[in-house]
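Below is one structure; the comments refer to it alone.
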Amino acid sequence: MKDLLEKYTQLSDDHQKEVIDFITFLLQKQERPNSFDMEAYRHEIQSVSTWSDHDLETALIGN
């Protein structure tokens, strides 16, 4: 820990702020539960449009 503090104090003020911001980001990420909502994912995937071969031909030809 002492080694880390020594390195930190050698950084410029801007870089020290970056380190603090990164640590804050990691702490927030750690606090958030990592839950996966399968129903929401399924709904999102089902709303993605699909193109048929005819749609693609029309788009490429420009008709």
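The values are calculated or read from the model by the stated rules, or taken from the named source; none is laboratory data. Note that the structure is predicted; figures quoted are calculated from it, not measured. So basically every Cβ, Gly included, is an ideal-geometry build from the backbone, and we count neighbours across all protein chains shown. For the accessible areas, the whole protein counts, side chains as well, though only heavy atoms, and no ligand, DNA or RNA atoms are used. Shrake-Rupley method; radii C 1.70, N 1.55, O 1.52, S 1.80 Å.
At 1.4 Å probe size, with every protein chain present, just tell me what the per residue accessible area of the chain comes to in Å².
Per residue, the chain has an accessible area of 103 Å².
Taking each pair of distinct Cα atoms in the chain once, what is the resulting Kirkwood hydrodynamic radius in Å? Kindly include the intermediate steps, with their values, before the conclusion.
Details: mean 1/r = 0.0585 Å⁻¹.
Over the chain, the inverse of the mean reciprocal pair distance is 17.1 Å.
Would you check the accessible area of Leu11, probe 1.4 Å, heavy atoms only, in square angstrom rounded to 10?
We get 70 Å² for Leu11.
Restrict the search to the chain; then list the chymotrypsin sites (Phe, Trp or Tyr not before Pro) that DSSP places in a loop and that have at most 10 other Cβ atoms within 10 Å of their Cβ.
Those satisfying the criteria are Phe36, Trp51.
Could you give me the ³J(HN,Hα) list for region 19-25, computed from phi with Karplus coefficients 6.51, -1.76, 1.60 and θ = phi - 60°, whole Hz, x at Gly and Pro?
4, 4, 4, 5, 5, 4, 4
So, taking all protein chains as they sit and a 1.4 Å probe, how much accessible area belongs to Lys2, in Å² rounded to tens?
150
Leaving ligands and nucleic acids out of the surface, order Val19, Val48 by accessible area at 1.4 Å, largest first.
These residues rank, largest area first, as Val48, Val19.
Calculate what fraction, in whole %, of the accessible area of the chain sits on carbon and sulfur atoms when a 1.4 Å probe is rolled over the protein chains.
Carbon and sulfur together cover 57 percent of it.
Quote the FRET efficiency, to the nearest 0.05, computed for Leu4 versus Gln30 with a Förster distance R0 of 22 Å and r equal to the Cβ-Cβ distance.
E between Leu4 and Gln30, to the nearest 0.05, is 0.75.
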